[in-house]
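Notes for the one structure printed next.
Readers should treat all values here as calculations from the given coordinates under stated rules, not as data from a laboratory. Everything numeric in this text was worked out from a predicted model, so none of it was measured. Because the Cβ atoms are built from the backbone with ideal geometry, glycine has one as well, and the counts that use them run over all protein chains shown.
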Amino acid sequence: MANPAVGLLEFSSIARGIVSGDAMVKRAPVASAYAGTVHPGKYLVLVAGDTASVEEAMAAGREVGAGMVLDAVFLADIHPDVVTAMLNEDPTRPESGEALGVVETSTTSAVIDAADAGVKAADVAVGQLRLSDGLGGKGYVLFSGVVADVEAAVDAAVVRAGSQLVESAVIASLHEEIADNLWTAARFLERIHTHEVGA
């Protein structure tokens with residue numbers, strides 16, 4: 001069974017985003033729709049369902065959003081690992097000695113697209129997929145696996161991110177201390193609040 005199609009529109013205006021989201025779900029019978037604000041004052045609308053319905057909904061959103069659409073992504077067959085990472089269900093921590101790949105983008109749409117390209121290009125796990133909030137509107141994805149596969153995934157993700165790429169990196173063997181920081185809490189203040197006095 002094919003994976004659902006997913007489309008995301010990213011708006012610079014909250015008001016225009018709300019109106020566009022309304023137009024999207026009125027235009028086509030999508031299976032599900034999720035919408036809301038993200039930093040820094042942007043509005044996202046994500047729709048999922050069959051390919052034709054998602055394409056039609058995306059077209060409606062672009063029409064109404066016009067010049068306030070910052071970025072968009074349409075994936076006709078999104079990889080299930082990307083969906084899992086978006087929902088933050090059971091993030092995959094690298095095994096000791098595994099490589100880590102990081103791809104950072106300037107938009108939410110771009111990092112979802114990049115994550116999908118990367119995990120389809122190589123045998124890697126999607127460890128985390130962070131979307132906008134607390135990141136100034138940026139996003140990043142973490143891939144883990146053997147070095148060659150992680151490099152291939154990062155290369156594919158970088159190509160897909162295009163002009164929205166901020167930076168990418170591959171660490172051949174992630175140190176356990178940094179792995180602890182990444183998988184305990186991604187935000188600095190959350191991480192430092194876990195410190196025990198005298199530890």
How big is the C-alpha Rg of the range 81-192 next to the rule-of-thumb value 2.2 N^0.38 Å, as a ratio?
-> 0.96
Name the residue, out of Gly118, Gly49, Gly61, whose mean-square fluctuation peaks in a Gaussian network model built on the chain with Cα pairs under 10 Å.
-> Gly49
Excluding residues on the same chain fewer than 8 positions from Lys42, give the lysines whose Cα lies under 26 Å from its Cα.
-> Lys26, Lys138
Direction-averaged shadow area of the convex hull around the Cα atoms of the chain, nm²?
-> 11.7 nm²
Show which aspartates and glutamates lie in cross-link reach of Lys120 when reach means a straight Cα distance below 12 angstrom and same-chain residues fewer than eight apart are skipped.
-> Asp77, Asp81, Asp149, Asp155
For the chain, what is the calculated [θ] at 222 nm in deg cm²/dmol (nearest 500), taking -39500 (n - 2.57) for each run of four or more DSSP H residues and dividing by its residue count?
-> -12000 deg cm²/dmol
Name the shape class, rounded, prolate or oblate, that the alpha-carbon gyration tensor gives for the range 5-75, where a ≥ b ≥ c are the square roots of its eigenvalues, rounded holds for a/c under 1.5, and otherwise prolate holds if a/b is larger than b/c and oblate otherwise.
-> prolate
Determine the sum of side-chain charges near Glu104: Lys and Arg each +1, Asp and Glu each -1, restricted to other residues whose C-beta is under 12 angstrom from that of Glu104.
-> +1
Which of Leu131, Leu142, Leu182 moves most in a GNM of the chain, Cα contacts under 10 Å?
-> Leu182
Comparing Asp113, Asp180, Asp71 in a Gaussian network model of the chain (Cα, 10 Å), the one with the largest mean-square fluctuation is Asp180
Measuring from label point to label point, each 7 Å out along Cα→Cβ, what is the Lys26 to Glu176 span in nm?
-> 5.9 nm
